[in-house]
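Undergrad: This is the structure I want to talk about, given as structure tokens.
The values are calculated or read from the model by the stated rules, or taken from the named source; none is laboratory data. Every value quoted in this text rests on a predicted model; they were computed, and no experiment measured them. Note: ideal-geometry Cβ built from the backbone for every residue, glycine included; neighbour counts use all protein chains shown. Just the protein is used for accessible areas: all its heavy atoms, side chains included, with ligands, DNA and RNA removed. Shrake-Rupley method; radii C 1.70, N 1.55, O 1.52, S 1.80 Å.
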Amino acid sequence: MNKTTLARTLACLFRSGLLSCGLVLAAGLLAFALAAENDTLEVFLETNPLETKDIKTQAPEAEVFKAKSLGLPAKETDTPYVALGQWLPALLTQFNQLPEVQAQLTRQQQAELAIQAADRAVYNPELGLNYQNADTDSYSLGLSQTLDWADKRGVATKRAELEAQILLADIGLERNQMLAERLLALAEQAQSRKALTFAEQQLRFTKAQLSIAKQRLAAGDLSNVELQLMQLELATNTADYALAEQAALVADGKVIELLGNNNFAFSEFIKEIHVFVTQAKQAPATELSPLTSTLPALASAYQQVLLARVNAMQVKADTSADPTISLAAEKEGTDNKLGVGVSIPLQVRNNYSELQAVADKGIAIAEQGYLARERVLTAKQKQFLYALPRLLERYQDWRELVQVSGAKAAKSLSQQWQAGDVSTSEYLQSRRQLAASYLVGLNLETAIYQSWLTWMGESGQLMPFLDGSAEQISQAPPHMPNAAARSVNP
């Protein structure tokens with residue numbers, strides 16, 4: 001492309017406001033040469049008569065390769081959309097079989113046993129036997145029982161139930177964070193594979209262009225220096241491919257570490273993320289506070305407040321004086337005796353008022369801890385609702401520019417390079433800018449997954465969101481508290 005055409009294209013972009021955002025500019029530059037690479041391959045195929053037979057036998061594959069050579073999202077060759085509900089169940093099945101998750105299930109069973117243990121009698125009866133050898137032998141049999149007058153059993157049961165609910169809430173939050181970590185690893189793996197495919201396609205196109213450059217050099221249409229630039233570009237692409245392969249291996253290793261293997265039916269779910277964010281963004285501002293208060297991540301903090309109150313009740317019950325009733329039967333010589341007794345501890349030297357004050361302070365501490373946790377989550381929620389919609393908008397702009405705006409300009413650039421109107425150095429520089437822009441798009445996708453999964457894991461909403469079918473997922477409200485969260489609501 002000559003300087004005049006390039007200037008007109010940039011001026012058009014300035015008038016449309018696209019250059020106000022660096023990311024959009026990068027996307028435009030990417031689209032600017034995607035089709036150009038396709039045309040380069042097409043010219044190469046047409047100018048190599050010795051490979052005509054192979055071209056005819058592999059025409060469909062060549063067309064797909066041309067359309068996806070640099071990530072151009074051609075509608076007819078895009079990977080078919082796979083709904084989240086189609087591949088997620090198999091992943092969740094594998095996730096639930098992990099040793100970490102099985103350990104969580106055992107902890108839940110342990111909490112249920114703790115409730116059963118607490119719901120038992122506090123005091124057992126005491127049996128006493130006595131024999132006295134004297135002038136007149138005496139025998140006595142006694143039975144005593146301490147009464148749970150202060151309802152220690154009921155308080156202990158409430159405490160065990162709350163501790164079990166706290167454990168379940170913590171386990172639910174851990175599970176959300178574990179699943180978010182693994183989904184993010186799968187998303188990063190998918191992005192690294194895209195980058196690897198892109199690097200491989202760049203390498204193949206550079207080889208095709210180098211062959212064209214050699215033909216132009218033989219025809220006297222290209223200088224030897226420009227041919228050397230093409231060879232250097234091939235070396236650069238080879239190094240980029242090696243680095244991309246290394247990154248893909250690292251991503252595969254992380255998935256294997258977290259899930260046991262790296263072969264999972266994973267597909268993009270930015271569409272579902274967009275639906276979730278749209279619903280959350282449309283929620284009235286006055287509803288943010290009530291919605292935040294029902295986040296599963298707040299369940300544990302809220303139950304800590306309830307537990308602090310039960311602790312105060314338990315201190316009162318434990319320090320209360322429980323009476324003891326006793327029955328005794330005695331035989332002394334020929335005399336039979338029967339006795340009944342009642343004993344009550346006297347809290348004269350210590351009334352345990354300090355212990356009660358300490359427990360009351362624990363309630364205030366737990367309440368402040370809940371408010372602090374709520375404040376942090378509210379701030380993160382606002383940041384999430386502020387940042388992610390903008391990331392999605394930039395991503396949509398990037399895709400539209402790649403798919404629509406840049407194809408014609410890229411084709412013109414490729415044709416003018418082949419015609420000699422654009423120097424090889426300028427053409428290669430444009431290609432590098434386009435490659436960088438494509439990788440920026442991949443990084444943007446990763447940022448969307450990371451932002452959404454991090455918030456959903458920290459807030460505890462991920463598992464409830466993913467539990468439904470595809471239709472339920474698309475219609476789900478922006479905040480869905482789990483069972484643990486609902487159980488603490490008064």
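Undergrad: Which of the residues that make up segment 351-371 are at negative phi and either among the acidic types (Asp, Glu) or open to solvent by 70 Å² or more (accessible area, probe 1.4 Å) (or both)? Let's see the steps before the verdict.
TA: Initial filter on segment 351-371 (at negative phi): 351, 353-371.
Passing the criteria: Asn351, Glu354, Leu355, Val358, Asp360, Lys361, Ile365, Glu367, Gln368, Leu371.
Undergrad: Which ones in segment 367-422 are closer than 30 Å to Ala435 by Cα, among the hydrophobic types (A, V, I, L, M, F, W, C) and at pLDDT 90 or above?
TA: Step one: list which residues in segment 367-422 are closer than 30 Å to Ala435 by Cα, which gives 384, 386-422.
Right, trim to among the hydrophobic types (A, V, I, L, M, F, W, C) and you get 384, 387-388, 391-392, 398, 401-402, 404, 407, 409-410, 413, 417, 419, 422.
Scanning segment 367-422 gives Phe384, Ala387, Leu388, Leu391, Leu392.
Undergrad: In addition: If I filter segment 89-103 for residues that are in contact with a Lys or Arg (Cβ under 8 Å, 6 or more places away or on another chain), at pLDDT below 70 and open to solvent by less than 50 Å² (accessible area, probe 1.4 Å), do I get at least one hit?
TA: No - not one qualifying residue is present in segment 89-103.
Undergrad: Just to verify a result, which residue in segment 128-147, among those that are within 60 Å of the chain's Cα centre (by Cα) and not β-branched (Val, Ile, Thr), is nearest to Lys331 (Cα to Cα)?
TA: The qualifying residue nearest to Lys331 (Cα to Cα) is Ser144.
Undergrad: Are any residues in segment 186-202 more than 30 Å from Phe95 (Cα to Cα) and surrounded by 20 or more Cβ atoms within 10 Å (Cβ to Cβ), and if so, which ones?
TA: Result: Phe198, Ala199, Gln201, Gln202.
Undergrad: Looking only at residues that are modelled with pLDDT under 50 and assigned to a helix (DSSP H, G or I) in segment 451-479, which one is surrounded by the most Cβ atoms within 10 Å (Cβ to Cβ)?
TA: Just the residues of segment 451-479 that are modelled with pLDDT under 50, to begin with: 469-471, 473-479.
Okay, now just the ones that are also assigned to a helix (DSSP H, G or I), so 470-471, 473-475.
On the way: Ala470: 13, Glu471: 10, Ile473: 19, Ser474: 16, Gln475: 11.
The selected residue is Ile473.
Undergrad: Name the pairs whose Cβ atoms lie under 8 Å apart, with the first residue in segment 358-372 and touching a residue at least 40 places away in the same chain (Cβ under 8 Å) and hydroxyl-bearing (Ser, Thr, Tyr), the second open to solvent by less than 30 Å² (accessible area, probe 1.4 Å) and assigned to a helix (DSSP H, G or I), and 6 or more positions between them or separate chains?
TA: What qualifies is Tyr370/Leu298; Tyr370/Ala301; Tyr370/Val305.
Undergrad: Take the residues of segment 231-286 that are among the acidic types (Asp, Glu), at pLDDT 90 or above and within 24 Å of Ser451 (Cβ to Cβ): which is most open to solvent (accessible area, probe 1.4 Å)?
TA: Checked segment 231-286; the qualifying residue most open to solvent (accessible area, probe 1.4 Å) is Glu257.
Undergrad: Is it the case that Ala328 is in contact with a helix residue (DSSP H, G or I) (Cβ under 8 Å, 6 or more places away or on another chain), farther than 30 Å from Ala187 by Cα and at pLDDT below 90? Give the steps one after another, and end with the answer.
TA: Working: in contact with a helix residue (DSSP H, G or I) (Cβ under 8 Å, 6 or more places away or on another chain): no; farther than 30 Å from Ala187 by Cα: yes; at pLDDT below 90: yes.
When the stated conditions are applied, Ala328 does not pass them.
Undergrad: Another question about this same structure. Those residues that are free of Cβ contacts under 8 Å to residues at least 12 places away in the same chain and either touching a Leu at 6+ places or on another chain (Cβ under 8 Å) or surrounded by 10 or more Cβ atoms within 10 Å (Cβ to Cβ) (or both), I need them from segment 120-135; list them, please. Spell out how you get there, then give the answer.
TA: Start the filter on segment 120-135 by keeping residues that are free of Cβ contacts under 8 Å to residues at least 12 places away in the same chain, which leaves 124, 131-135.
Listed by number, the list holds a single entry, Gln132.
Undergrad: Testing Gly441 on (1) closer than 30 Å to Met178 by Cα; (2) without any contact (Cβ under 8 Å) to a residue 12 or more places away in the chain, one condition comes back false. Which one is that?
TA: All conditions are met except number (2).
Undergrad: Condition (residue is at pLDDT 90 or above, assigned to a helix (DSSP H, G or I), open to solvent by 40 Å² or more (accessible area, probe 1.4 Å) and within 17 Å of Gln429 (Cα to Cα)) applied to segment 205-222: is it met by at least one residue?
TA: Yes.
Undergrad: Something else: Given (1) surrounded by 16 or more Cβ atoms within 10 Å (Cβ to Cβ); (2) under 30 Å from Ala118 (Cβ atoms), where does Gln145 come up short, assuming only one miss?
TA: (1)
Undergrad: Tell me whether segment 136-148 contains one or more residues that are over 26 Å from Ala321 (Cα atoms), of a type outside the set (Gly, Ala, Ser) and free of Cβ contacts under 8 Å to residues at least 24 places away in the same chain.
TA: no
Undergrad: Taking the stated definitions as given, is Glu374 crowded, with 16+ Cβ neighbours inside 10 Å and part of a strand (DSSP E or B)? Talk me through it step by step, then tell me what you get.
TA: Details: crowded, with 16+ Cβ neighbours inside 10 Å: yes; part of a strand (DSSP E or B): no.
Answer is no for this residue.
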